[in-house]
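Any read-out appearing in this document is the output of simple, stated calculations on the displayed coordinates, not a laboratory observation. Keep in mind that what you see is a predicted model, and the values were worked out from it rather than measured. As a convention, Cβ positions derive from the backbone with ideal geometry for all residues, glycine included, and neighbour counts pool all protein chains shown.
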């Protein structure tokens, strides 16, 4: 599977199938999925904690470190997909709505190049 030829629906179905095959549905409540998402996000953050931007670049240049970070990103994404699926949210629709809202809140001509 690759980004260029895989839909969000296909990914959600694959995660749902993985969960169903193990009969984990009863554990995958919105609360538990949100908690798990944050735990995995913290594990992702550990790879960057206390490192400068230059140190992060050097760290990620090492294939084993890059693979470990990619694995944590996949864990976060998997829980996010599962949470959206459990809540019956359309991720593309929700992201589009949020981007439209943010475009009004942060007009490009006023915010270009500004972080705060």
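Neighbour counts of other Cβ atoms within 10 Å put 80, 45 in the fewest-to-most order 45, 80. Report the residues of the range 78-116 in range of a label on residue 7: point 7 Å along Cα→C-beta, backbone N strictly under 16 Å from it. Counting only backbone N, you get 85, 89-94. The three principal axes of the C-alpha atoms in the range 13-72 carry coordinate ranges of 43, 22, 14 Å, sorted with the longest axis first.
Between the labelled values (1) 54; (2) 68; (3) 61, the entry that holds percent of Cα pairs over 17 Å apart as derived from this structure is (2). Comparing Cα centroids, the range 14-56 and the range 62-116 end up 14 angstrom apart.
Across the chain, the mean sequence separation of Cα contacts (distance under 8 Å, 6 or more residues apart), normalised by length, yields a relative contact order of 37 percent.
For the range 50-96, compute the orientation-averaged projected area of the C-alpha convex hull (one quarter of its surface), in nm². Kindly include the intermediate steps, with their values, before the conclusion.
Details: hull surface 18.6 nm².
Over all viewing directions, the range 50-96 projects a mean Cα-hull area of 4.7 nm².
Ordered by the number of other Cβ atoms lying within 10 Å of each residue's own Cβ, fewest first, 96, 85, 5 fall into the sequence 5, 96, 85.
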